[in-house]
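Encoded as structure tokens, the structure appears first; notes follow it.
The values are calculated or read from the model by the stated rules, or taken from the named source; none is laboratory data. Just so it is clear, the structure is predicted and the values come from calculations on it, not from any experiment. All accessible areas refer to the heavy atoms of the entire protein, side chains included, with ligands and DNA or RNA removed. Shrake-Rupley method; radii C 1.70, N 1.55, O 1.52, S 1.80 Å.
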Amino acid sequence: MLQTWGIPIVISYLLGSISFSYLLTKWLKGVDIRDYGSGNAGATNTSRVLGKGPALIVFLLDALKGMAAVGFGYWMAGNSPDVKLVMMVCGIAAIIGHNWPVFLGFRGGKGIATTVGVTCLIGFTAAVVAGVCAILFILFTRYVSVGSLVYTSIVPVMMWLLDYPTAVVWLMLIVSVMALWRHKQNVINLFKGNERKI
């Protein structure tokens, strides 16, 4: 199984390693986005460095690369009964690539936009419910980090309620833990009252 999945996993990781926030900031301002704002190579920090328009572009592109990885997994799985599992593993590989990109010395983003892309294809209903909750939390608290963690927490719960394969739910829980780990400084800042608002 590992030999069969090896190629799509590696390709998904490399796809995820393409940092659109880094590329766009380099192109528009000639600087490394990781040297500014929060130091994170993602859509939220792009909004601080370049503005809302470029940030939206980065979010969409990061989500699309997550969707592309899942789609590639679907294509590679063919008629396999484990198709959703292959799709999820490829999606996780893309998220890992975004967070720890080989092209940028393993210093990337937090993977939320890529996670949105992954979950939209694997569990659209779960993604929509989680997305609405996340947006509401962001609107009321003005903390993007809170919305991000709400999203990644609700998706696996919704997948479980919607009777998704157990393995897929567990893999989504891994994504949730990964998101929490990447947001650990944000959580600390929230408790200290230092977290940045939008």
Calculated from backbone phi, Karplus (6.51, -1.76, 1.60) coupling profile of region 40-56 in Hz, x at Gly/Pro: 9, 8, x, 5, 4, 5, 4, 5, 6, 8, 10, x, 5, x, x, 5, 5
Surface accessible to a 1.4 Å probe, per residue, for the residues of region 103-173, Å²: 48 Å²
Portion, in percent, of the accessible area of the chain that falls on carbon or sulfur, probe 1.4 Å: 70 percent
Karplus-derived HN-Hα couplings along region 141-149 (A = 6.51, B = -1.76, C = 1.60, θ = phi - 60°), whole Hz, x at Gly and Pro: 9, 6, 10, 5, 4, 5, x, 4, 6
Most mobile of Ser176, Ser21, Ser38 in a GNM of the chain (Cα contacts under 10 Å): Ser38
Dimensions in Å of region 22-90 - Rg and Dmax from alpha carbons: 16.0, 47
Highest-MSF residue in the chain out of Gly111, Gly30, Gly123 [GNM, Cα springs under 10 Å]: Gly30
Dmax and Rg, reported as Rg then Dmax, of region 1-55 (C-alpha, Å): 14.7, 45
Evaluated at q = 0.11, 0.14, 0.20 Å⁻¹: base-10 log I(q)/I(0), Debye formula over Cα of region 98-182: -0.29, -0.46, -0.88
Listed candidates (i) 0.99; (ii) 1.12; (iii) 1.20 - label of the one calculated as Cα Rg over 2.2 N^0.38 Å: (i)
Cα-based reach from Lys84 at 15 Å (exclusive), listing aspartates and glutamates while leaving out same-chain residues under 8 positions away: Asp163
Within straight-line cross-link reach of Lys192, lysines at Cα separation under 20 Å, skipping those fewer than 8 residues along the same chain: Lys184
Estimated [θ] at 222 nm from DSSP helical runs (n ≥ 4, -39500 (n - 2.57)) normalised by residues in the chain, nearest 500: -24500 deg cm²/dmol
Most mobile listed residue (Trp75, Trp27, Trp181) in the chain, GNM with C-alpha springs under 10 Å: Trp27
